[in-house]
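J.: Before anything else, here's the structure in question.
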Amino acid sequence: MNKSSRLRNGFLVLIGLIFSSALWAHGGAAGTDTDQCKFELEPNHWIHYTAYQPSVYPAEEFCGNIPDTGSLTQLVFDYQDIRYRNMMVEFEVTKEPEGDRVFFQEAKRHKSGTVVLKLPQGVAEKGKYLIHITLLPTEESKGERLDAHMGFRAGSGQSTSLKEILLYAFFALAGFYVLYLSNAGFKNKVDEILGKI
């Protein structure tokens, strides 16, 4: 096998790894094992959480890192088990490690299974926060009280994710490979450099 064949095969393996569903999975595994934006209420029963800051990042979703402070922040929670829809749900957000309350919503039912909490001014300070969710049983649900917690950081700015970096690297490599295949002079130079290595 010559060097250009090895280079081509290595490139194809890299593409396969980049687009592997195991690397890019958000919630495809059993029990949403790969989904970092979730609260575990009971074994294999979850509430999914997504944060939005539509006034400053209109097309972005966030989870453990909310980039801005002092701007509208929406926290969206989805639960699909029917029995949770009959329970009363209470939400609280606290600044950590102090435990100071920055948001509270009294317990009420959310029959649709989706809850949108609006923090008009978001959170005021940079730092760590904790979301507390308490599900309280009713006569209809006949369950037990469930508590879940999930932390997030606020005010660290928007960072480039590993997924975005890999995507940029893929397009750079793809462009390099197309140039390698289509330009004989460039191909000869690359082959010469690889031959010396």
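The values are calculated or read from the model by the stated rules, or taken from the named source; none is laboratory data. For clarity, every value in this text was computed on a predicted model and none was experimentally measured. FYI the Cβ positions are ideal-geometry reconstructions off the backbone, even for glycines, and counts take in every protein chain you see.
J.: Looking for something of a type in the set (K, R) and under 25 Å from E61 (Cβ atoms) - is there at least one such residue anywhere in the range 129-149?
T.: no
J.: Next question, about the same structure. Considering only residues that are more than 20 Å from the chain's Cα centre (by Cα), free of Cβ contacts under 8 Å to residues at least 40 places away in the same chain and closer than 23 Å to P97 by Cα, which ones fall in the range 119-157?
T.: Answer for the range 119-157, where residues must be more than 20 Å from the chain's Cα centre (by Cα), free of Cβ contacts under 8 Å to residues at least 40 places away in the same chain and closer than 23 Å to P97 by Cα: just D147.
J.: Being surrounded by fewer than 16 Cβ atoms within 10 Å (Cβ to Cβ) and touching a residue at least 60 places away in the same chain (Cβ under 8 Å) is true for just one of G113, G64. Which residue is that?
T.: Residue meeting the stated conditions: G64.
J.: Then there's this: M88 is checked against (1) more than 22 Å from the chain's Cα centre (by Cα); (2) at pLDDT below 80; (3) surrounded by 15 or more Cβ atoms within 10 Å (Cβ to Cβ) and fails just one. What number does that condition carry?
T.: Only one criterion in (1) more than 22 Å from the chain's Cα centre (by Cα); (2) at pLDDT below 80; (3) surrounded by 15 or more Cβ atoms within 10 Å (Cβ to Cβ) is unmet by M88, namely (2).
J.: Another question, then. Taking the residues in the range 188-197 that are more than 40 Å from the chain's Cα centre (by Cα) and of a type outside the set (V, I, T) as candidates, determine which candidate is surrounded by the fewest Cβ atoms within 10 Å (Cβ to Cβ).
T.: K196
J.: Take the conditions surrounded by 11 or more Cβ atoms within 10 Å (Cβ to Cβ), without any contact (Cβ under 8 Å) to a residue 12 or more places away in the chain and not hydrophobic (A, V, I, L, M, F, W, C) and apply them to N183. Does it pass? It would help to see each step written out before you state the result.
T.: Values: surrounded by 11 or more Cβ atoms within 10 Å (Cβ to Cβ): yes; without any contact (Cβ under 8 Å) to a residue 12 or more places away in the chain: yes; not hydrophobic (A, V, I, L, M, F, W, C): yes.
Yes; evaluated as a whole, the condition is true for this residue.
J.: Of everything in the range 120-138, what is of a type outside the set (G, A, S) and either in a loop (DSSP other than H, G, I, E, B) or farther than 15 Å from M150 by Cβ (or both)? Give them in sequence order.
T.: P120, Q121, V123, E125, K126, L136, P137, T138
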